[in-house]
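Everything below concerns the one structure shown next.
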Amino acid sequence: MPASERPRRRDASRPRACDIVIVGGGLVGASLALALAGAGRRVLLIEGVAPDSSEQPSFDERTTALGNASRRIFEGLGVWDDLAREAAPIRVIHVSDAGRFGSARLRAEEQGVEAFGHVIPNRVIGATLWRALQHADGVTVRVPARVTAVEIAADGAALTVADGDGAEEVVTARLLVAADGAQSVVRAAAGIAAAVEDYAQVAITAAVVADRPNDGTAYERFTASGPVAVLPLHGGGYGTVWACTAARAAQVLELSDEAYLAALQERFGWRIGRLLRAGRRASYPLKLSRAAVTVGTRTVLVGNAAQGLHPVAGQGFNLGLRDAALLAEHIVAAGGDPGVPGLLAGYDHARAADRGGVVRFTDSLVRLFASRLPGVSVLRDLGLVLFDLSPPAKRALARVSLGFGGPTPRLARGLTLT
Ligand SMILES: Cc1cc2nc3c(=O)[nH]c(=O)nc-3n(C[C@H](O)[C@H](O)[C@H](O)COP(=O)(O)OP(=O)(O)OC[C@H]3O[C@@H](n4cnc5c(N)ncnc54)[C@H](O)[C@@H]3O)c2cc1C
């Protein structure tokens, strides 16, 4: 039966005329919905895949390094205490260039902070956010449900929502938020173009256990074919992200656990001792995607729908969380209609410097360390050594979690939204 002929579900507990509809309840969308709880708006969060499903693309086996500003945002949202139970602090950051002399070490205590940030499994973040959403005032969730069509007009947006059982319904919004990831259907429906650059690298992630438990050091090791990150995990293990060419990734994914651990050990070295066990591997093609603008008629893009980054600097979600925090702040401060052009333009302007800065910083890091041009490797080694000796440079990097410019969201400064 064509979808248009199916009987429509009528459920009074589900608002069909909303102030704000957020499409995508992954890391950023779920955080935004929570930030808008109690703001006196009818908020609807639509997510295609249940947060505890093994198919969930945002809350999967990855681990996320959260900067201190993100920690403060989560404190403001009332979820940090739950997250902290499974968070591993990053007390030292060690950066090195494989097979060369340059390396740098940043210590949290030298920067006057207890930790640079914390590493938390994505599944834990998802479970925590969605648990909190069950009690979020003014927020309704629909999951599993997908947005299949979007129409945008000057006074609002109309979305066709298909539930897991296939029943379709139209909901309206005064503001439509695209939090539906790098392949955003909302972005496409809003007619906003995205520029995509392929890094020709694939990230392979896995949790591993070594014969030495972690001491709170996060390692970033640059190799000719891509960086390898080894992050401390709660419980003593490590989260690993190994970026390499697509052809190499296909081979690595086929290896037995034993052969994989040997290959990773060869790439990363012996700084954490012998690698003993590995969890499930997953792979992610790495691209830089950047929407031409982050706002349109009645529409705003946040998180990966606005910009998808290489994970080398662990900035993608931290940046997206600042999108969510500042958008909620602008909506609450403006009062009234959340989709008016002035509000959206103000938000876009306020986010521009941070967004541009993080994109440039991350992209330059990937390109600098991937370069095989004669002299570049010597220069970057010198750069690492000088950086290691330079307190101002270290201080600047330690402050990265606050954002790269523009206003820091109130939540990230430990304040409430108003
Ligand atoms: C290997 C790797 C490691 C990373 N490590 C870090 C890190 O340490 N620190 C950091 O800050 N960032 C990190 N990132 C980046 C981070 O994962 C992303 O920035 C983050 O996932 C973006 O969240 P999002 O909610 O915007 O998008 P997504 O995570 O893509 O979520 C989008 C959600 O929208 C849903 N959806 C999509 N379409 C529809 C639809 N039509 N209807 C309903 N729902 C829909 C999806 O099911 C999904 O739940 C890493 C990324 C990778 C690949």
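The C-beta contact set for segment 35-62 (first residue of a type in the set (Phe, Trp, Tyr), second residue assigned to a loop (DSSP other than H, G, I, E, B) and more than 7 Å from the ligand (Cβ to nearest atom), distance under 6 angstrom, 6+ apart or interchain) comprises Phe59/Pro51.
Among the residues of segment 173-216, write down those that are within 12 Å of the ligand (Cβ to nearest atom), modelled with pLDDT of 95 or more and not aliphatic (A, V, I, L, M). Asp180, Gly181, Gln183, Ser184, Arg187, Thr205, listed by residue number.
Among the residues of segment 200-243, those that are part of a strand (DSSP E or B) and more than 21 Å from Ile272 (Cα to Cα) comprise Ala200, Gln201, Val202.
Restricting attention to segment 40-61, which residues are small (Gly, Ala, Ser) and more than 8 Å from the ligand (Cβ to nearest atom)? Selection gives Gly40, Ala50, Ser53, Ser54. Every condition in (1) open to solvent by 40 Å² or more (accessible area, probe 1.4 Å); (2) under 25 Å from Gln307 (Cβ atoms) holds for Leu175 except the one numbered (1). I'd like the full set of residues that are of a type in the set (Val, Ile, Thr) and under 16 Å from the mean Cα position of the chain (by Cα), limited to segment 328-362. Those that are of a type in the set (Val, Ile, Thr) and under 16 Å from the mean Cα position of the chain (by Cα): Val358, Val359, Thr362. Take the conditions at pLDDT 95 or above, touching a Phe, Trp or Tyr at 6+ places or on another chain (Cβ under 8 Å) and open to solvent by 10 Å² or more (accessible area, probe 1.4 Å) and apply them to Val300. Does it pass? In short, no. Inclusion of Arg8 among residues that are surrounded by fewer than 22 Cβ atoms within 10 Å (Cβ to Cβ), at pLDDT below 95 and assigned to a loop (DSSP other than H, G, I, E, B) is warranted.
Whether a residue is at pLDDT 95 or above and of a type in the set (Lys, Arg) was assessed, and Arg221 does not pass this test.
Here is a yes/no grid of residues against (1) in contact with a helix residue (DSSP H, G or I) (Cβ under 9 Å, 6 or more places away or on another chain); (2) within 22 Å of Ala193 (Cα to Cα); (3) open to solvent by 20 Å² or more (accessible area, probe 1.4 Å):
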{"residue": "Ala306", "(1), (2), (3)": "yes, yes, no"}
{"residue": "Asn318", "(1), (2), (3)": "yes, no, no"}
{"residue": "Ala353", "(1), (2), (3)": "no, yes, yes"}
{"residue": "Leu368", "(1), (2), (3)": "yes, no, yes"}
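The strands (runs of 3 or more DSSP E) located wholly in segment 68-150 that include 3 or more residues which are within 16 Å of the ligand (Cβ to nearest atom) and open to solvent by less than 10 Å² (accessible area, probe 1.4 Å) occupy 117-121. The requirement of being free of Cβ contacts under 8 Å to residues at least 12 places away in the same chain and more than 18 Å from the chain's Cα centre (by Cα) is fulfilled somewhere in segment 266-282, by at least one residue. Residue under question is Ala259, and the condition is that it be farther than 17 Å from Asp354 by Cα, within 16 Å of the ligand (Cβ to nearest atom), modelled with pLDDT of 95 or more and not in a strand (DSSP E or B); does it hold? It is false that Ala259 is farther than 17 Å from Asp354 by Cα, within 16 Å of the ligand (Cβ to nearest atom), modelled with pLDDT of 95 or more and not in a strand (DSSP E or B). Taking the criterion of being modelled with pLDDT of 95 or more and either small (Gly, Ala, Ser) or surrounded by fewer than 19 Cβ atoms within 10 Å (Cβ to Cβ) (or both), the residues of segment 224-245 that qualify are His234, Gly235, Gly236, Gly237, Gly239.
What is the residue count in segment 25-67 for residues that are open to solvent by less than 30 Å² (accessible area, probe 1.4 Å) and in contact with a Ser or Thr (Cβ under 6 Å, 6 or more places away or on another chain)? Adding up the residues that qualify gives 4.
Within segment 161-172, restricting attention to residues that are open to solvent by 10 Å² or more (accessible area, probe 1.4 Å) and touching a residue at least 24 places away in the same chain (Cβ under 8 Å), the residue that is nearest to the ligand (Cβ to nearest atom) is Ala162. The lone criterion from (1) among the polar types (S, T, N, Q); (2) open to solvent by 30 Å² or more (accessible area, probe 1.4 Å); (3) not in a strand (DSSP E or B) left unmet by Ser283 is number (3).
The values are calculated or read from the model by the stated rules, or taken from the named source; none is laboratory data. Since we're looking at a predicted model, the values are computed, not measured. Glycine also receives a Cβ, built like all others from the backbone with ideal geometry; neighbour counts cover every protein chain displayed. Each accessible area value is taken on the protein alone, full model and side chains, heavy atoms only, with ligands, DNA and RNA left out. Shrake-Rupley method; radii C 1.70, N 1.55, O 1.52, S 1.80 Å.
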